[in-house]
Amino acid sequence: NAGVMQNPRHLVRRRGQEARLRCSPMKGHSHVYWYRQLPEEGLKFMVYLQKENIIDESGMPKERFSAEFPKEGPSILRIQQVVRGDSAAYFCASSPTSHGDIQYFGAGTRLSVL
Amino acid sequence: AQSVTQLDSQVPVFEEAPVELRCNYSSSVSVYLFWYVQYPNQGLQLLLKYLSGSTLVKGINGFEAEFNKSQTSFHLRKPSVHISDTAEYFCAVSDLEYGNKLVFGAGTILRVKS
């Protein structure tokens with residue numbers, strides 16, 4: 001049973017470009033979470049999704065950031081018009097059920113904005 | 001709002017010595033508590049969790065933690081550390097009021113010296 005798969009592992013973008021980060025949850029998991037880790041900081045919650053639904057996006061910046069988890073395929077975190085401050089490690093986690101269940105983390109995507 | 005405080009940003013310790021990494025949380029309702037470990041350039045791996053029941057929780061790699069409700073603490077301990085335990089450790093909390101998202105502390109870097 002493969003773990004949570006994130007790709008790419010490293011992504012370099014120039015200011016103003018778009019970044020697309022992908023996350024395939026563990027088999028049988030229908031709950032996906034995205035977290036951001038800025039340098040020298042802990043992880044900060046961004047968004048929680050179930051298949052085709054955004055459940056909690058309280059941690060998402062109001063502009064330029066969006067997330068989806070379609071019926072088929074991976075979850076996508078999309079950042080439009082990236083700025084240097086978006087440089088961070090973005091982690092995806094998945095769980096089989098809701099509240100209280102363990103979240104399993106992927107290896108992360110490290111975004112560098114030049 | 002929930003918050004997690006990890007009191008030490010770095011903890012240096014000699015190999016085979018005991019170690020305690022401190023974690024305090026604030027929440028007004030019942031909580032679930034977790035410790036994760038992050039090795040360089042990797043994702044987070046669950047060490048242990050407290051959901052309910054016994055306040056002493058045993059995890060992987062010889063780690064254990066004790067839930068203390070009156071002191072709102074969940075300190076992580078290991079009686080004898082190894083060089084391979086060098087990593088960053090994150091305490092996290094989730095509760096019914098704020099749904100599934102994990103709120104993380106800023107992390108503690110454990111440096112084991114020979």
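Laid out as a table, the results:
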read-out	value
Every pair of residues 6+ apart whose Cβ atoms lie under 6 Å, when the first sits in the range B:1-18 and is open to solvent by 90 Å² or more (accessible area, probe 1.4 Å) while the second is of a type in the set (S, T, Y)	B:E16/B:S80
Scope the range B:19-29; condition among the small types (G, A, S) and either buried (at least 17 other Cβ atoms within 10 Å of the Cβ) or touching a strand residue (DSSP E or B) at 6+ places or on another chain (Cβ under 7 Å) (or both); matching residues	B:S26, B:S27
Any hit, the range A:82-95, residues being at pLDDT below 90 and either on the phi > 0 side of the Ramachandran plot or away from chain B (no Cβ under 12 Å) (or both)	no
Selection from the range B:28-63 of residues that are outside any strand (DSSP E or B) and modelled with pLDDT of 90 or more	B:Y39, B:G59, B:I60, B:N61, B:G62, B:F63
Count - residues of the range B:2-27 that are part of a strand (DSSP E or B) and either touching a Cys at 6+ places or on another chain (Cβ under 9 Å) or closer than 28 Å to A:H10 by Cβ (or both)	6
Subset of the range A:100-114 [more than 7 Å from every other protein chain (Cβ to nearest Cβ) and within 30 Å of A:R14 (Cα to Cα)]	A:T109, A:R110, A:L111, A:S112, A:V113, A:L114
Of residues in the range B:64-100 being within 14 Å of chain A (Cβ to nearest Cβ) and open to solvent by 40 Å² or more (accessible area, probe 1.4 Å), the one modelled with the highest pLDDT	B:E88
Some residue of the range B:30-42 being away from every other protein chain (no Cβ under 14 Å) and open to solvent by 40 Å² or more (accessible area, probe 1.4 Å)	no
Residues within the range A:1-19 that are in a strand (DSSP E or B) and either farther than 18 Å from A:K71 by Cα or open to solvent by less than 70 Å² (accessible area, probe 1.4 Å) (or both), tallied	7
Subset tally (residues that are open to solvent by 50 Å² or more (accessible area, probe 1.4 Å) and farther than 30 Å from A:I55 by Cα) for the range B:101-114	3
Candidate set: the range B:43-63, residues that are among the small types (G, A, S) and open to solvent by 70 Å² or more (accessible area, probe 1.4 Å); chosen: the one nearest to A:R9 (Cα to Cα)	B:S52
Output for the range A:31-57, where each listed residue is outside any strand (DSSP E or B), within 12 Å of another protein chain (Cβ to nearest Cβ) and at negative phi	A:L38, A:P39, A:E41, A:G42, A:E57
Tally of residues being buried (at least 19 other Cβ atoms within 10 Å of the Cβ) and closer than 19 Å to A:V83 by Cα across the range A:35-58	4
Qualifying residue in the range A:104-113 (condition: among the polar types (S, T, N, Q) and touching a residue at least 60 places away in the same chain (Cβ under 8 Å))	yes
Pairs where the first residue, in the range A:45-68, is basic (K, R) and the second is open to solvent by less than 30 Å² (accessible area, probe 1.4 Å) and part of a strand (DSSP E or B), C-beta under 8 Å, 6+ apart	A:R64/A:I79
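The values are calculated or read from the model by the stated rules, or taken from the named source; none is laboratory data. Computed from a predicted structure; not experimentally measured. Every residue, glycine as well, gets a Cβ built from its backbone with ideal geometry; the counts of neighbours run over all protein chains shown. Please note that ligands, DNA and RNA were not included when accessible areas were found on the heavy atoms of the full protein model with its side chains. Shrake-Rupley method; radii C 1.70, N 1.55, O 1.52, S 1.80 Å.
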